[in-house]
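Presented below is the structure to which this report refers.
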Amino acid sequence: MKIMVITGSPNKEGLTADCGNQARLGAEASGAEVTSVCLNDLNIGRCRACNNGWGTCRDRHVCQVEDDFQKLHAGLKEIDGFILVTPVYWWDMSESVKAFVDRLRRCEALKGEDQFIGGKPVISVAAAGGTGNGCISCLTALEKFVDHVKGIKFDFIGVTRRNKDYKLKTIFDAGGTMAESLGNQ
Ligand SMILES: Cc1cc2nc3c(=O)[nH]c(=O)nc-3n(C[C@H](O)[C@H](O)[C@H](O)COP(=O)(O)O)c2cc1C
């Protein structure tokens, strides 16, 4: 089974990267083929709310703003499960994650069939390495996204500086458990 780990931090050696790595290792240990994507390495701009609010996202379920979004979006079709890891910025997801999920939900939310995330498990991780403030509101925002794209809410994991030692193990276990559940389907 194929799992994609998506991270959204500019920091390649920070908490977000550690969370993404643990998710990957856990999923791989349970036999998954893992693709890791760092959104900050891609050129994915903000949604333009084309025309008066909707572009081709509404009826054709593709984004008309051409950049690296199209290739990543198309690739999601082949993935069986997703792990999305964001640093907590301003009590919310990071800007790179927000740009991605804003555009993705528009393309996926109104699809009747051939959904790329709908019916597939998603683990959401919020890495709040500062005060820990906003970890829950960030997870709440991620929950709304998972809901909009009709994903299966497999887990929501909040990580702070104080709990990271055991939460990193939890993320490893979560990735592995999700991979196992996909393998058993
Ligand atoms: C612009 C910005 C806003 C941030 N806002 C918060 C916040 O609201 N709550 C918090 O706990 N940490 C906050 N932080 C700290 C990050 O969550 C922390 O540095 C985290 O480890 C970032 O992930 P990284 O290790 O991948 O860089 C903020 C950091 C930045 C750069």
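The values are calculated or read from the model by the stated rules, or taken from the named source; none is laboratory data. Note that the structure is predicted; figures quoted are calculated from it, not measured. Note that we place each Cβ from the backbone using ideal geometry, even for glycine, and neighbour counts take in every protein chain shown.
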Practice item. Being at pLDDT 95 or above and either out of contact with any Leu (no Cβ under 7 Å at 6 or more places or on another chain) or within 16 Å of the ligand (Cβ to nearest atom) (or both) narrows it down to one of Gly81, Gly8, so name that one. Key: Gly8
Check your understanding: Got at least one residue in segment 39-49 being free of Cβ contacts under 8 Å to residues at least 12 places away in the same chain and away from the ligand (no atom under 16 Å from the Cβ)?
Key -> yes
Point to revise | Among the residues listed as Glu66, Glu78, Glu13, Glu33, the single one being under 16 Å from Ala179 (Cβ atoms) and without any contact (Cβ under 8 Å) to a residue 40 or more places away in the chain | key: Glu33
Practice item. Select from segment 128-144 the residues that are assigned to a helix (DSSP H, G or I) and farther than 18 Å from Ala174 by Cβ and write down the one among them that is farthest from the ligand (Cβ to nearest atom). Key: Lys144
Check your understanding: Out of curiosity, is Asp18 closer than 18 Å to Val97 by Cβ, among the acidic types (Asp, Glu), within 14 Å of the ligand (Cβ to nearest atom) and surrounded by 15 or more Cβ atoms within 10 Å (Cβ to Cβ)?
Key -> yes
Practice item. With the condition kept exactly as written, say whether any residue in segment 80-93 is in a helix (DSSP H, G or I) and out of contact with any helix residue (DSSP H, G or I) (no Cβ under 6 Å at 6 or more places or on another chain). Key: no
Exercise for review: Could you tell me whether any residue of segment 97-105 is farther than 17 Å from Ile171 by Cβ, more than 12 Å from the chain's Cα centre (by Cα) and either within 16 Å of the ligand (Cβ to nearest atom) or assigned to a helix (DSSP H, G or I) (or both)?
Suggested key: yes
